[in-house]
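Input: a single structure, listed below in structure tokens.
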Amino acid sequence: MKLPDYKEARSRDKRKYNRLTFKIDNNIEKKYNGKKYFIKTYGCQMNEHDSENISAIFEAMGFESVSDYHDADLVLLNTCSIRENAHNKAFGMLGRLKHLKSQKKDLLIGICGCMAQEVKVVDEILNDYKFVNFVFGTHNIYQIPEIVDKAITSSKQQIEVFSREGDLVEGLPVVRTNSYKAYVNIIYGCDKFCTYCIVPYTRGRERSRKKEDIIEEVKTLVKDGYKEVTLLGQNVNAYGKDLYDDYNMGDLLEDIAKLDIPRIRFMTSHPWDFTDKMIETIGKYPNIMPSVHLPVQSGSNKILKLMGRRYTRESYLDLFHKIKNTVPNVSISTDIIVGFPLEEEEDFQETLSLAEECKFDNAFTFIFSEREGTPACKLKDNTSLKEKEDRLYRLNDVVNKYFLENNKKLEGKTLKVLVEGVSEKKDMYFGYSETNKLINFTSDRDIYCGDIVDVEITSAKTWSLDGKCK
Ligand code: SAH
Ligand code: SF4
Ligand code: F3S
């Protein structure tokens, strides 16, 4: 048994980590033929992509996927810790699974992902959720075959969570959920330690994959007919810093742009480390999508400092305008937190005025959620929840106004759309523009998922656009 430990999770020393290649033990390969698994994934793209790896490992063990958890022999919750409500959702699902297990005694239940890295959560699972069979963390996905095999063959709860990441593992198998768009990890972990954020504790230090491994993966995706790759990391701009002296995110973007992949996206970019080379490269290569997610969090310098964000309102705005002026037709989206401890109405007004100035194409807005073990917990929080909710509504009014205003400007224009499917009502296709706008559209001719088509925009809504295929 290995329990999570925040002290280890916080440590960032100069030690070398190992680079391993995944291999499944012959004795476990296909051992569970005919058994069924179901994974419920919460949280960000990093977790979604981990679930694609975990699925493939389960399948290597012989499990088959099912779309209803009631039919599964093994249910895994891949969890997220970012805010309180993510926690609540996972515990709600655990409640339902407890009920299911009372009728289906052999049901195997597992927990992984960021909540598995939390000391308090694992404590709770040990004491109050004894029906959970196994827990593993974000750093030891490669050990799933042994952990699950042990959970099945012995009746003891298996808890294996590394807090101090030891390895960077290549060669994990993957079952991709989409045949046209693929996630590609480029850097794991986060060293930024924003004072409100749990991620540096749940995902460990920044560790870049070797550029050759990334380029090889993208080449294989091209061969397999993929049209879009999203380069993933909690802070992709830090790519290469731990590994190379003279090769960084700008260089990687350029090398990938030279491959024959029609669409490249990347997320997330912290405003820190967003180099001129990156901006120029995004502007220069038509296959790097003109769409940047640039979380600002707050418009107040006082709050940005308390958040440990390493930039000021002014330097954020400089970067924002530089990107806007260099990359033609770029769309910029953001994340904003309201109700951070010590945020006064005048700080919030600065956030509103920044939102007015930037007129973001999209924004994810959140109320601050206290995460145990993070430095922001020690700050005095004297704003009532009602006031925080009120700030969130007022902010949403402003950002929504600009989503619609920006979309209206696209009416009558023709956008390139990667066709992803047919809407639920089956009367429209849907897909995303280069600027990452959701487009619902009709077509008089036959088109197929994975095609990139020209769509004339007929009407704009706040969160989507309607159009007609040319
Ligand atoms: N690495 C990315 C963000 C990943 S988390 C970046 O720094 O740009 C996604 C978003 O969740 C953050 O941008 C932030 O807006 C929000 N978030 C993170 N921790 C939070 C907390 N404790 N309470 C509320 N929102 C939070
Ligand atoms: Fe969290 Fe900040 Fe790292 Fe983003 S950059 S994951 S907000 S600590
Ligand atoms: Fe959540 Fe972990 Fe992602 S906390 S947002 S799943 S990195």
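The values are calculated or read from the model by the stated rules, or taken from the named source; none is laboratory data. Just so we're clear, the structure is a prediction, and the values are computed from it rather than from any experiment. Here the Cβ is made from the backbone with ideal geometry for all residues, glycine too, and neighbour counts use every protein chain on show. Just the protein is used for accessible areas: all its heavy atoms, side chains included, with ligands, DNA and RNA removed. Shrake-Rupley method; radii C 1.70, N 1.55, O 1.52, S 1.80 Å.
Given the conditions (1) of a type outside the set (Lys, Arg); (2) over 23 Å from residue 252 (Cβ atoms); (3) touching a Lys or Arg at 6+ places or on another chain (Cβ under 8 Å), which single one is not true for residue 364?
(3)
When you scan region 31-41, do you find a residue that is assigned to a helix (DSSP H, G or I), closer than 19 Å to residue 230 by Cα, in contact (Cβ under 8 Å) with a residue 12 or more places away in the chain and within 16 Å of ligand 3 (Cβ to nearest atom), even just one?
no
Please determine, by comparing only the residues of region 143-200 that are part of a loop (DSSP other than H, G, I, E, B) and of a type in the set (Asp, Glu), which one is nearest to ligand 2 (Cβ to nearest atom).
Residue satisfying both the conditions and the ranking: 191.
Return yes or no: is residue 247 of a type outside the set (Asp, Glu), over 17 Å from the mean Cα position of the chain (by Cα), within 16 Å of ligand 3 (Cβ to nearest atom) and assigned to a loop (DSSP other than H, G, I, E, B)?
no
Considering region 260-278 alone, what residues qualify as being farther than 19 Å from residue 325 by Cα and more than 16 Å from ligand 1 (Cβ to nearest atom)?
260, 261, 262, 263, 264
Have a look at 365, 374 and point out the one that is open to solvent by less than 20 Å² (accessible area, probe 1.4 Å) and within 30 Å of residue 196 (Cβ to Cβ).
374
Only one residue in 188, 183, 196, 142 is over 18 Å from residue 50 (Cα atoms) and either surrounded by 17 or more Cβ atoms within 10 Å (Cβ to Cβ) or among the acidic types (Asp, Glu) (or both). Which one?
Testing whether each residue is over 18 Å from residue 50 (Cα atoms) and either surrounded by 17 or more Cβ atoms within 10 Å (Cβ to Cβ) or among the acidic types (Asp, Glu) (or both) leaves just 196.
Is there a residue being more than 25 Å from residue 117 (Cβ to Cβ), touching a helix residue (DSSP H, G or I) at 6+ places or on another chain (Cβ under 9 Å) and not assigned by TED's automatic domain parsing to the domain that holds residue 112 anywhere in region 177-192?
yes
Between 228, 254, 217, which is under 23 Å from the mean Cα position of the chain (by Cα), buried (at least 21 other Cβ atoms within 10 Å of the Cβ), charged (D, E, K, R) and more than 16 Å from ligand 2 (Cβ to nearest atom)?
Answer to the selection: 228.
Would you please list the contacts, defined by Cβ atoms under 8 Å and residues six or more apart or on different chains, that run from a residue in region 312-326 that is more than 14 Å from residue 275 (Cα to Cα) to a residue that is of a type in the set (Gly, Ala, Ser) and surrounded by 14 or more Cβ atoms within 10 Å (Cβ to Cβ)?
So the pair list comes out as 313/299; 313/300.
Can you tell me which residue is most open to solvent (accessible area, probe 1.4 Å) among those in region 1-44 that are closer than 27 Å to residue 244 by Cβ and touching a strand residue (DSSP E or B) at 6+ places or on another chain (Cβ under 8 Å)?
21
Report yes if residue 454 is outside the structural domain of residue 265 (by TED's automatic domain parsing) and part of a loop (DSSP other than H, G, I, E, B), otherwise no.
So residue 454 does not fit the description; no.
If residue 374 meets every condition in (1) within 16 Å of ligand 3 (Cβ to nearest atom); (2) among the polar types (S, T, N, Q); (3) without any contact (Cβ under 8 Å) to a residue 24 or more places away in the chain apart from one, which number is that one?
(3)
Among all residue pairs at least 6 apart or on different chains, which show Cβ distances below 7 Å where the first residue, located in region 78-97, is assigned to a helix (DSSP H, G or I) and the second is within 16 Å of ligand 2 (Cβ to nearest atom) and open to solvent by 40 Å² or more (accessible area, probe 1.4 Å)?
Going by the 7 Å Cβ cut-off, the qualifying pairs are 86/43.
Kindly indicate the residue of region 295-335 that is closer than 20 Å to residue 402 by Cβ, more than 16 Å from ligand 2 (Cβ to nearest atom) and hydroxyl-bearing (Ser, Thr, Tyr) and also surrounded by the most Cβ atoms within 10 Å (Cβ to Cβ) among those meeting that condition.
Here the residue is 300.
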